[in-house]
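Data first, discussion second: the structure below is written as structure tokens.
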Amino acid sequence: MAGPSVSVIIPCFQAQATIALQLASLSDQVDAPSFEVILVDNDPAQRLDEDVADFLHSSAFDLRIVRAHEHQGSSYARNVGISHARAESLQFCDADDVVSRTWVRNGHLSTLDSLLWTGESILLTEAPFSAGLEAVRREFDAPPPEWSAPADKQTGPFPVLMAGNFGAARSTLLELQGFDQGFAHYGDDNDLAFRSRRDGHRVPVAESVRIAYRGKWSATQRMRRGFHDARARRRLLIVHGASSQSPVPPWPVDIARCLAATVLMPFRRSVAPFDVAMRWSHALGNASGSLRFGWPRKAPASTPGHGLSSSPTHSVDPSEGTVTA
């Protein structure tokens, strides 16, 4: 029996409330080649097999659940998913998003055109996700996009790759040693983009491969995200020797500018307090990354490929890590 043409890999951590909607969006794909969906269970506390029971015998795709409990983090989970993939054409999405009706087809065509690509993501509020699949699709997928070749738009020194919507040839990801567990929670996708560029690969943008993703709208969530993004960005710059090319200032300058903005805020009514608070979250993340990963300390050792195996794993014994429907 021939294997699938595409392997869709979805890391799952605390995904109980959202994964069914994502699987529903994968169940009504238009003109999709044969594909499998690999759910990488990265949370021992969740009961993923129960949450996806309605899709275990789907006619749209083969569904497999792979256990990845040894280490926590999306980088390790994605590497484990790559190891279990049966197809050469790989696509990645997240458990709490929704893919377009032509996502699998357009993604596969993009991988045939480019060995590595990053897709387009449309930010939506929580409301359409709560209303169901068709409500989400009306917001971003009416009509679903036709395929267009990925375009080389990233000509600057800092390529961006969105791990929640990208694709690649399996052999290319093995060559690049997959994701780096040192960037377990933030920055692992852009680290892969840096290493891809270093090794001579393009990182084109596939605008026709589209997803809708949930915005994190609370002030606390946005500030926390800003801090960790800035911290990871500084580590990326240090690890890849690109600090001198970055528009982000050194952390003392960044902090000084935030202090000045705070002092001047009562005299500048056009500046919202939350905007200044967000500047502080980025500045503090920049400072934290500089002090943690730069002089006089050293960054933690990079661990690309952790959880990665060049030979696909096809176990059917849950005790060995894989459940196959």
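What follows draws every value from the coordinates through simple rules; no lab data is involved. Remember, it's a predicted structure, so these values are computed and weren't measured experimentally. FYI the Cβ positions are ideal-geometry reconstructions off the backbone, even for glycines, and counts take in every protein chain you see.
Structure notes:
- The angle between the Cα long axis of helix 273-293 and the main principal axis of the chain comes to about 80°, on a 0 to 90 degree scale.
- Prolate/oblate/rounded label for segment 49-191 (Cα gyration tensor, a/c 1.5): rounded
- Taking Lys and Arg as +1 and Asp and Glu as -1, the other residues whose beta-carbon sits under 11 Å from that of residue 182 total -2.
- Check: the chain dipole with +1 on Lys, Arg Cβ and -1 on Asp, Glu Cβ, in debye: 1800
- Separation of the residue 113 and residue 70 label points, Cα + 7 Å toward Cβ, nm: 3.8
- Count Lys and Arg as plus one, Asp and Glu as minus one, and take only other residues whose Cβ is under 10 Å from that of residue 92; the net charge is then -1.
- The Cα atoms of segment 196-269 give a gyration tensor whose axes a ≥ b ≥ c have a/c of 1.5 or more with a/b no greater than b/c, which makes the shape oblate.
- Packing-based ranking, highest mean first, of 67-79, 14-26 given that Cβ atoms within 10 Å are counted: 67-79, 14-26
- Among 237, 249, 227 - extreme Cα towards positive end, dipole of segment 219-293, charges at beta-carbon: 227
- Each residue in 98, 160 was given a count of other beta-carbon atoms within 10 angstrom of its own, and listing them fewest first yields 160, 98.
- Cα-projected label distance for residue 57 with residue 198, points at 7 Å along beta-carbon direction, nm: 4.9
- Mean residue ellipticity, 222 nm, helices only, the chain: the sum of -39500 (n - 2.57) across DSSP H runs of n ≥ 4, divided by residue count and rounded to 500, is -11500 deg cm²/dmol.
- Ranking of 59, 218, 290, 121 by count of other Cβ atoms within 10 Å, fewest first: 59, 218, 121, 290
- Whether segment 1-85 is rounded, prolate or oblate, judged on the alpha carbon gyration tensor where a/c under 1.5 counts as rounded: oblate
- Between helix 74-84 and the chain there is an angle of about 20 degrees, using the helix long axis and the longest principal axis of the Cα atoms.
- Taking the longest Cα principal axis of the chain as reference, the axis of helix 219-239 is set at about 90 degrees.
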